[in-house]
Amino acid sequence: MTSKRRRFVALVSVVAALALVVTGCGAKTDGGSTDGGSTKATEVVIGIGAPLSDGAVALGQGMVRGTNLAVKQANESQELKDLGLTITTVEGDDKGDPTTGGNVATQFTSNPNLVGVMGHLNSGVTRVAVKIYNQGNVVQVSPANTAVDLTQMGMANYFRVCATDDVQGPAAADFAFKTAGKKVAFVVDDATVYGTGLADEWAKQFEANGGKVAGREKTTDKDTDFKALVTLIKSSGAEIVYYGGIYNSAALLSKQMKEGGVKVPLMGGDGIYDPEYIKLAGAANATGDYCSSIGLPIDMLPNGQDFQAAFEAAYPGEAIAAYDAYSYDAANTIIKAIVAVAKDMGADKLTTTDGKKAIIAAVAKTDFEGVSGQVSFDAKGDTNNKAITIYQVGADGKWAPAAK
């Protein structure tokens, strides 16, 4: 090879290397246009904090589905294209554990492109994570946290689209006493923030109605053997058992109750409203059991049919779990705030401190018709939608709204 040829090859190599460096540095933009020019798309990230490998995995998977569906629809909209904006998601497996959830929050806030978090499922996880998000000026919208005190912590970045324990617990207790006619109850909780809070509110209202709580016990969310507890329940004369916790342990308690001769219904909160509960308990054992869940049945809501159609197209063969729709609404809350700020400040300002603070402020002003109903928040960040539905497992082995 001649020296001139060698110099030409070297020059081409340098130019190619420089091109790769420039492309690598442009992590927040995408090039490309149909006319041979280049348009830049700003990319921002929404984190999904949920239990994905341990704990209430079925509910966590639903949170991922709902969020990704909302993001997919947003990215396909002309509105985002006109803004030169793309939204992506990143999953953080909190395993339903507060310490792990704190680590997820730290990882999320270290991502410079992350501007919001849809999650978490467990109130105990949020109690740790929300402080980290607040320090990073990252908005958090939960589809599922029900512990009353979370919006009393003074965190301006925190919102939730679900009703709290002091709404859900009493509604379920009223149904048990006034509609189902149960006068004696045994109350169990899994010692988590969620389970304890919900069981406390249920028991308080049940007794206020004139009911008797014949026993109260704590387990853990990892327990699988309830034989000793079943013996206590059987001797208490309880006509209903209330369980504060998630579907995995609740299902095993229901199964072991029925196998141990305690033929009374188990009632729980939204944490057991999942087909997996029936599967784990066995349809024969679960038949007649109750749960409360936030909001109204999807087919009773104005946007419910559209959501169901979009869900079935995106996830053929999958069943809609308790938090798919609420995660969809929570994600759309963040997305609408991102769009509002991008229009006001420019998409390139979204990841700045001022941009993130503006997103928090925009979420506080949320007001739109979601799948779960009207989505808006009070001054503390709690949803203004207080609807609760009671469900029962029917003879067909499926959850359905309970007869009133």
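The values are calculated or read from the model by the stated rules, or taken from the named source; none is laboratory data. Quantities reported herein were computed from a predicted structural model and do not represent experimental measurements. FYI the Cβ positions are ideal-geometry reconstructions off the backbone, even for glycines, and counts take in every protein chain you see. Ligands, DNA and RNA are stripped out before the accessible areas are found, and what is left, the full protein with its side chains, is counted by its heavy atoms. Shrake-Rupley method; radii C 1.70, N 1.55, O 1.52, S 1.80 Å.
Some notes on this structure:
- Test result for ASP82, farther than 20 Å from VAL45 by Cβ, surrounded by fewer than 24 Cβ atoms within 10 Å (Cβ to Cβ) and without any contact (Cβ under 8 Å) to a residue 12 or more places away in the chain: yes
- With respect to being of a type outside the set (S, T, N, Q), under 28 Å from ILE298 (Cβ atoms), within 19 Å of the chain's Cα centre (by Cα) and modelled with pLDDT of 95 or more, ARG65 fits the description.
- Of the residues examined, ALA337 is not one that is open to solvent by less than 20 Å² (accessible area, probe 1.4 Å), modelled with pLDDT under 95 and hydrophobic (A, V, I, L, M, F, W, C).
- Taking the stretch 360-383 as the range and being over 23 Å from PHE311 (Cβ atoms) and either in contact (Cβ under 8 Å) with a residue 40 or more places away in the chain or open to solvent by 30 Å² or more (accessible area, probe 1.4 Å) (or both) as the test, the residues that pass are ILE360, ALA361, VAL363, ALA364, LYS365, ASP367, PHE377, ASP378, ALA379, LYS380, GLY381, ASP382.
- Wholly enclosed strands (runs of 3 or more DSSP E) of the stretch 209-303 bearing at least 2 residues in contact (Cβ under 8 Å) with a residue 40 or more places away in the chain, touching a Phe, Trp or Tyr at 6+ places or on another chain (Cβ under 6 Å) and under 15 Å from ALA322 (Cα atoms): 290-294
- The single condition among (1) buried (at least 21 other Cβ atoms within 10 Å of the Cβ); (2) part of a loop (DSSP other than H, G, I, E, B); (3) small (Gly, Ala, Ser) that ALA403 does not satisfy is (1).
Yes/no per residue for (1) basic (Lys, Arg); (2) modelled with pLDDT under 95; (3) within 20 Å of ASP378 (Cα to Cα); (4) in a loop (DSSP other than H, G, I, E, B):
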| site | (1), (2), (3), (4) |
| --- | --- |
| THR106 | no, no, no, no |
| PRO112 | no, no, no, yes |
| MET118 | no, no, yes, no |
| GLN140 | no, no, yes, no |
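- Annotation: of all residues in the stretch 93-139 being touching a residue at least 60 places away in the same chain (Cβ under 8 Å) and among the polar types (S, T, N, Q), the one that is least open to solvent (accessible area, probe 1.4 Å) is SER123.
- GLY96 being in contact with a Gly (Cβ under 6 Å, 6 or more places away or on another chain) and either closer than 25 Å to GLN308 by Cα or not basic (Lys, Arg) (or both): yes
- Residue within the stretch 379-389 that is under 30 Å from GLY282 (Cα atoms), of a type outside the set (S, T, N, Q) and in a strand (DSSP E or B) present: yes
- Of all the residues in the stretch 189-226, those that are of a type outside the set (A, V, I, L, M) and under 20 Å from the mean Cα position of the chain (by Cα) number 7.
- Look at (1) open to solvent by 10 Å² or more (accessible area, probe 1.4 Å); (2) at pLDDT below 95 and you find that ILE294 fails only one, number (1).
- Screening the stretch 224-240 for residues that are in contact with an Asp or Glu (Cβ under 9 Å, 6 or more places away or on another chain) and under 20 Å from LYS183 (Cβ atoms) and picking the one that is surrounded by the most Cβ atoms within 10 Å (Cβ to Cβ) gives ILE233.
- Subset of the stretch 140-162 (residues that are surrounded by fewer than 24 Cβ atoms within 10 Å (Cβ to Cβ) and touching a strand residue (DSSP E or B) at 6+ places or on another chain (Cβ under 6 Å)): none
- Filtering the stretch 203-223 for residues that are open to solvent by less than 60 Å² (accessible area, probe 1.4 Å), closer than 21 Å to THR389 by Cα and among the hydrophobic types (A, V, I, L, M, F, W, C) leaves a non-empty set.
- In the stretch 255-277, the residues that are surrounded by 24 or more Cβ atoms within 10 Å (Cβ to Cβ) and more than 24 Å from ALA147 (Cα to Cα): MET257
- Exactly one residue among LYS386, LYS357, LYS343 is within 30 Å of PRO275 (Cβ to Cβ), open to solvent by 30 Å² or more (accessible area, probe 1.4 Å) and touching a residue at least 40 places away in the same chain (Cβ under 8 Å), and that residue is LYS386.
- Among the residues of the stretch 321-376, those that are among the polar types (S, T, N, Q), under 20 Å from ALA144 (Cα atoms) and part of a helix (DSSP H, G or I) comprise SER327, ASN332, THR333.
- Applying a threshold of 8 Å to beta carbon distances and a minimum spacing of six or more residues, or different chains, the list of pairs starting in the stretch 161-176 at a residue that is of a type in the set (Phe, Trp, Tyr) and ending at one that is at pLDDT 95 or above reads PHE175/TYR290; PHE175/SER292; PHE175/ILE390; PHE175/ALA402.
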